[in-house]
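Note sheet for the following structure.
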Amino acid sequence: MPVSSITVSPLPDFLVKEAVTRALAEDQGGRGDLTSLACIPAAEEAKFYFKARDAGVFCGMQPGIEAIWQMDPDALVNWHIADGESVAAGDIIAMVMGKARALLAAERIALNFMGRMSGIATFTRRYVDAVEGTKARIAHTRKTTPGLRAFELQAVQAGGGAMHRFGLDDAILIKDNHVAVCGGVANAVRAAKAHAGHMTRIAVEVDRLDQLAEAIEAGAESVLLDNFPLADLEAAVARAGGKVTLEASGGVNLDTVGAIAKTGVDVISVGALTHSAPNFDIGLDWD
């Protein structure tokens, strides 16, 4: 992979703790890990290794270590790989040592978070690599798992993806239904400009080339080109002349993203990064 590592912004500790606490409670119910309680003495200690079983990009340090420490606060965790770093099959991601019962009770939750997040990071990196040599940035959408958006978007960042809106309160993005209710692109953009403060960015989605000039003249700062054919994307880039940020969206996959990037758009948003990324295979192996 051309990019070997990415600097990843940490998630708030309270958010990680709450999510992992819910996940552990869901997994253990009211009686705990019956298998470990039945088979393993309470004082037994063990050493395990989290290992990659495929090549890709790792992400998930925070929820991984939180799951371990919630079960055994005294456990030792030694990371060999950081968020955003590439791994090969067989690479050791981390060594963990502590109470055997606790580590095995935390195992699946740690692996679920790390596998999901590493899968998104790896999938994102494939898109980023596919547009290498163009100015286009690969961005996420809001098509995320309810309650896990922060984790999934951290994984997009780990894969080299760009940040879009985190939520509805980040920016104004006027979609087709807003346009329909407002009676047109210009009406919607003007209403947004009248409402928004000077620090709030205004973007509008258009589905026809003739709407682009209307959006620019009304004062949009970004224009989302929804499901535009390649020829129309190229025409939009020429017509915009750098006056606004142009984002291509819709019909984007690994087979099409390279050609879309070559049209000259600034951003390509890809819902598949979070809704269709395959899980990354990580295992916990006995020393």
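For the reader, a short list of remarks on this structure follows.
- Scanning segment 184-206 for residues that are buried (at least 16 other Cβ atoms within 10 Å of the Cβ) and not in a helix (DSSP H, G or I) turns up 202, 203, 204, 205, 206.
- Screening residue 283 with (1) of a type outside the set (Asp, Glu); (2) in contact (Cβ under 8 Å) with a residue 60 or more places away in the chain; (3) over 22 Å from residue 129 (Cα atoms); (4) open to solvent by 40 Å² or more (accessible area, probe 1.4 Å) gives one miss only, at (4).
- Count - residues of segment 15-33 that are assigned to a helix (DSSP H, G or I), surrounded by fewer than 17 Cβ atoms within 10 Å (Cβ to Cβ) and in contact with a helix residue (DSSP H, G or I) (Cβ under 9 Å, 6 or more places away or on another chain): 6
- Of all residues in segment 54-84, those that are assigned to a loop (DSSP other than H, G, I, E, B) and either open to solvent by 30 Å² or more (accessible area, probe 1.4 Å) or farther than 12 Å from residue 16 by Cβ (or both) total 13.
- Residue that is farthest from the chain's Cα centre (by Cα) [pool: residues in segment 241-278 that are small (Gly, Ala, Ser) and crowded, with 20+ Cβ neighbours inside 10 Å]: 261
- Residues considered: 142, 165. Of these, the only one that is open to solvent by 60 Å² or more (accessible area, probe 1.4 Å) and either part of a loop (DSSP other than H, G, I, E, B) or over 26 Å from residue 54 (Cβ atoms) (or both) is 142.
- Taken together, the criteria place residue 10 among residues that are part of a loop (DSSP other than H, G, I, E, B) and under 30 Å from residue 88 (Cβ atoms).
- Residues being of a type outside the set (A, V, I, L, M, F, W, C) and part of a helix (DSSP H, G or I) - total across segment 207-220: 4
- Selection status of residue 116, within 30 Å of residue 162 (Cβ to Cβ), open to solvent by 10 Å² or more (accessible area, probe 1.4 Å) and either among the basic types (Lys, Arg) or in a strand (DSSP E or B) (or both): yes
- Selection within segment 7-26: residues that are modelled with pLDDT of 95 or more and aliphatic (A, V, I, L, M). The member of this set that is farthest from the chain's Cα centre (by Cα) is 25.
- Residues of segment 86-112 that turn out to be assigned to a strand (DSSP E or B) and open to solvent by 40 Å² or more (accessible area, probe 1.4 Å), as a count: 4
- Only one of 223, 181 that is more than 18 Å from residue 134 (Cβ to Cβ), open to solvent by 70 Å² or more (accessible area, probe 1.4 Å) and not in a loop (DSSP other than H, G, I, E, B): 181
The values are calculated or read from the model by the stated rules, or taken from the named source; none is laboratory data. This is a predicted model, so every value here is computed, not measured. Neighbour counts run over all protein chains shown; Cβ positions are idealised from the backbone, glycine included. Calculation scope for accessible area: heavy atoms of the full protein, side chains included, ligands and nucleic acids excluded. Shrake-Rupley method; radii C 1.70, N 1.55, O 1.52, S 1.80 Å.
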